[in-house]
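The values are calculated or read from the model by the stated rules, or taken from the named source; none is laboratory data. None of these values were measured; they are calculated from a predicted model. Note: ideal-geometry Cβ built from the backbone for every residue, glycine included; neighbour counts use all protein chains shown.
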Amino acid sequence: MGAKIKLGILGGGGDSLIGVLHRVASNMFDQYEIVGGVFNPVWEKNIGFAEQIGLPVSRIYKDFETLISEEVKLPENERMQVVSILTPNFLHFPMAKKLLENGFHIICEKPLTTSYEEALILKEIQELTKTVFAVTYTYTGYPMVRQMRKLVESDALGKIQKVDVQYYQGWINSIIHDPEKRASTWRLQPDKSGISCCIGDIGTHAFGMIEFVTGLQVSKVLSDLNYLYADNVMDIDGTVLIHCSNGAKGVIRASQIATGEENSIIVKIYGEKAGLKWEQENPNYLYMMEEGQAIKVLKPGNGYNSELSLDGTKLPPGHPEGIFDAMGNIYKGVARAIKGEPYDSGEFPTIMDGIRGMNFIEQTIASNADGNVWKSID
Ligand SMILES: NC(=O)c1ccc[n+]([C@@H]2O[C@H](COP(=O)([O-])OP(=O)(O)OC[C@H]3O[C@@H](n4cnc5c(N)ncnc54)[C@H](O)[C@@H]3O)[C@@H](O)[C@H]2O)c1
């Protein structure tokens, strides 16, 4: 085995939702070594968390600017090669920009930035520096999502004629109905989250899923969003009609007030020959439907799956793998890219997917604001 890739982490501290997912994922295939980072803007919490997870404190920095200025002084074989950005959204852009300018590879949480304009600026620098830039639309790492992509690619469905992706959660109920809580949660503050809450946070996953699985681009959107309270400026629910580049029509349904729902992503893709249905809360079952035929249930690890899907399965069939494994697969693909090894374009979403996500968010918000009108996505 070659040397492990040196990974730095920004955000993702002990108090975060997503940090543990990235730390476990980075370890999963023995490709990375976490060497330092900034886990929290409060120094005691930052250093305390590093000690808790057993990291030497010498490469725990007070902020990302110090991380970059100190890391670039290190000999190349010691320096961080890639940095994961796991902070609230508004920090993704300044962090990614400075990291790119200093030659680091990046694994960035979604949404990529807080505006489309910022996303395009990152792309310009990334093209110049030729760094690897992944955006963690985590659900694309599931073996059966990868299998959907390959089934569509192999024309098993025929021409795609209808897409329907739901992403329903109910967690914001406990916040949105409480004036104090809705004024203090970062996801409901435009300066921390960007112009959108629900569409930016989870609608963008649904959008990315459609493009990942079908290989089509969403070309137009018409949205109807829900804010519930006059003092709340951030969408917390919405329905988006879409047109795809091949003329197929469909719908993205996203909600954070779907009472009782946990993380219910349901992907339905219908072609002229067959349909596919997959649910994130039960990710090891992919349903394939053909007119007049019994439904087929495809499962990970079986030889009938594509190479891309099988590459995302570590154990023999019947050993359920989940969200940690999906993120682990993304990290594995990024490791291949960093090492200059061949990889399939389905192994991880890139900065281009992040940019399209930002375009989708902005056009979806604009569609609703302008009176539910069609808006194009370039
Ligand atoms: N891919 C997914 O499915 C998925 C799921 C959840 C969250 N996310 C994304 O991950 C990001 C973080 O979300 P979360 O739910 O973990 O947020 P969170 O609020 O739970 O945690 C944010 C973390 O960032 C740290 N932080 C804040 N400011 C910082 C700074 N200046 N420097 C260093 N660290 C700082 C905080 O200390 C905390 O540890 C968001 O962009 C979110 O959209 C993605």
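Which ranges mark the helices (runs of 4 or more DSSP H) fully within region 123-213 that have 1 or more residues being in contact (Cβ under 8 Å) with a residue 40 or more places away in the chain, under 20 Å from the mean Cα position of the chain (by Cα) and within 14 Å of the ligand (Cβ to nearest atom)? Give the derivation first.
On the way: elements: 143-153, 173-176, 179-184, 190-193.
Result: 143-153, 190-193.
One residue is enough: does region 59-72 have a residue meeting the conditions away from the ligand (no atom under 11 Å from the Cβ), more than 25 Å from the chain's Cα centre (by Cα), in a loop (DSSP other than H, G, I, E, B) and without any contact (Cβ under 8 Å) to a residue 40 or more places away in the chain?
Yes; the residues of region 59-72 include at least one that is away from the ligand (no atom under 11 Å from the Cβ), more than 25 Å from the chain's Cα centre (by Cα), in a loop (DSSP other than H, G, I, E, B) and without any contact (Cβ under 8 Å) to a residue 40 or more places away in the chain.
Which of the following residues is out of contact with any helix residue (DSSP H, G or I) (no Cβ under 8 Å at 6 or more places or on another chain) and either modelled with pLDDT of 95 or more or on the phi < 0 side of the Ramachandran plot (or both): GLY301, GLY238, GLY312, GLY247?
Details: GLY301 fails: out of contact with any helix residue (DSSP H, G or I) (no Cβ under 8 Å at 6 or more places or on another chain); GLY238 fails: out of contact with any helix residue (DSSP H, G or I) (no Cβ under 8 Å at 6 or more places or on another chain); GLY312 fails: out of contact with any helix residue (DSSP H, G or I) (no Cβ under 8 Å at 6 or more places or on another chain).
So the residue among GLY301, GLY238, GLY312, GLY247 that is out of contact with any helix residue (DSSP H, G or I) (no Cβ under 8 Å at 6 or more places or on another chain) and either modelled with pLDDT of 95 or more or on the phi < 0 side of the Ramachandran plot (or both) is GLY247.
Among residues belonging to region 24-55 that are of a type in the set (S, T, N, Q) and crowded, with 19+ Cβ neighbours inside 10 Å, point out the one that is farthest from the ligand (Cβ to nearest atom).
At the first step, the residues of region 24-55 found to be of a type in the set (S, T, N, Q) are 26-27, 31, 40, 46, 52.
Subsequent filtering for residues that are crowded, with 19+ Cβ neighbours inside 10 Å retains 26, 31, 40, 46.
Numbers: SER26: 14, GLN31: 19, ASN40: 4, ASN46: 7 Å.
Ranking the qualifying residues of region 24-55, first place goes to GLN31.
So which residues in region 85-103 are near the ligand (Cβ under 6 Å from one of its atoms) and either closer than 18 Å to GLU124 by Cβ or in a loop (DSSP other than H, G, I, E, B) (or both)? Steps first, please.
Step one: list which residues in region 85-103 are near the ligand (Cβ under 6 Å from one of its atoms), which gives 86-89, 91.
Of everything in region 85-103, those that are near the ligand (Cβ under 6 Å from one of its atoms) and either closer than 18 Å to GLU124 by Cβ or in a loop (DSSP other than H, G, I, E, B) (or both) turn out to be THR87, PRO88.
Answer yes or no as to whether VAL152 is surrounded by 24 or more Cβ atoms within 10 Å (Cβ to Cβ) and within 28 Å of ASP325 (Cβ to Cβ). Steps first, answer last, please.
Details: surrounded by 24 or more Cβ atoms within 10 Å (Cβ to Cβ): no; within 28 Å of ASP325 (Cβ to Cβ): yes.
Judged against the criteria, VAL152 is not a match.
Could you list, in sequence order, all residues of region 64-87 that are of a type in the set (D, E, K, R) and surrounded by fewer than 14 Cβ atoms within 10 Å (Cβ to Cβ)? Before you say what the answer is, go through the steps one by one.
Start the filter on region 64-87 by keeping residues that are of a type in the set (D, E, K, R), which leaves 65, 70-71, 73, 76, 78-79.
Across region 64-87, the qualifying residues are GLU65, LYS73, GLU76, GLU78.
Right, LEU21: within 11 Å of the ligand (Cβ to nearest atom), within 18 Å of VAL132 (Cα to Cα), touching a residue at least 24 places away in the same chain (Cβ under 8 Å) and outside the structural domain of PRO190 (by TED's automatic domain parsing) or not?
Details: within 11 Å of the ligand (Cβ to nearest atom): yes; within 18 Å of VAL132 (Cα to Cα): no; touching a residue at least 24 places away in the same chain (Cβ under 8 Å): yes; outside the structural domain of PRO190 (by TED's automatic domain parsing): yes.
In short, no.
Scan (1) of a type in the set (Gly, Ala, Ser); (2) more than 18 Å from the chain's Cα centre (by Cα); (3) crowded, with 16+ Cβ neighbours inside 10 Å for the single condition SER16 breaks and write down its number.
All conditions pass for SER16, except number (2).
So is LEU298 in contact (Cβ under 8 Å) with a residue 12 or more places away in the chain, under 26 Å from SER264 (Cβ atoms) and of a type outside the set (Lys, Arg) or not? Give the derivation first.
Details: in contact (Cβ under 8 Å) with a residue 12 or more places away in the chain: yes; under 26 Å from SER264 (Cβ atoms): yes; of a type outside the set (Lys, Arg): yes.
It is true that LEU298 is in contact (Cβ under 8 Å) with a residue 12 or more places away in the chain, under 26 Å from SER264 (Cβ atoms) and of a type outside the set (Lys, Arg).
What number of residues within region 344-377 are over 22 Å from the mean Cα position of the chain (by Cα), in a strand (DSSP E or B) and either acidic (Asp, Glu) or farther than 23 Å from ILE236 by Cβ (or both)? Walk me through how you get there before you give the answer.
First, pick out the residues of region 344-377 that are over 22 Å from the mean Cα position of the chain (by Cα): 366-376.
Retained after the next criterion (residues that are in a strand (DSSP E or B)): 375-376.
Going one step further and asking which of them are either acidic (Asp, Glu) or farther than 23 Å from ILE236 by Cβ (or both), we end up with 376.
Count: 1.
Could you tell me whether region 218-236 includes any residue that is surrounded by 20 or more Cβ atoms within 10 Å (Cβ to Cβ), closer than 23 Å to TRP171 by Cβ, touching a residue at least 12 places away in the same chain (Cβ under 8 Å) and away from the ligand (no atom under 16 Å from the Cβ)? Walk me through it before giving the result.
So in region 218-236, the residues surrounded by 20 or more Cβ atoms within 10 Å (Cβ to Cβ) come out as 218, 221, 223, 225, 234-236.
Still in the list and also closer than 23 Å to TRP171 by Cβ: 223, 225, 234-236.
Those still in the list that are touching a residue at least 12 places away in the same chain (Cβ under 8 Å) too: 223, 225, 234-236.
Checking the rest, the ones that are also away from the ligand (no atom under 16 Å from the Cβ) come to 223, 225.
Within region 218-236 (the criterion being surrounded by 20 or more Cβ atoms within 10 Å (Cβ to Cβ), closer than 23 Å to TRP171 by Cβ, touching a residue at least 12 places away in the same chain (Cβ under 8 Å) and away from the ligand (no atom under 16 Å from the Cβ)), the answer is yes, since at least one residue qualifies.
For the list (1) closer than 30 Å to ALA156 by Cβ; (2) assigned to a helix (DSSP H, G or I); (3) among the β-branched types (Val, Ile, Thr); (4) without any contact (Cβ under 8 Å) to a residue 60 or more places away in the chain, I need the number of the one condition that THR239 fails.
(2)
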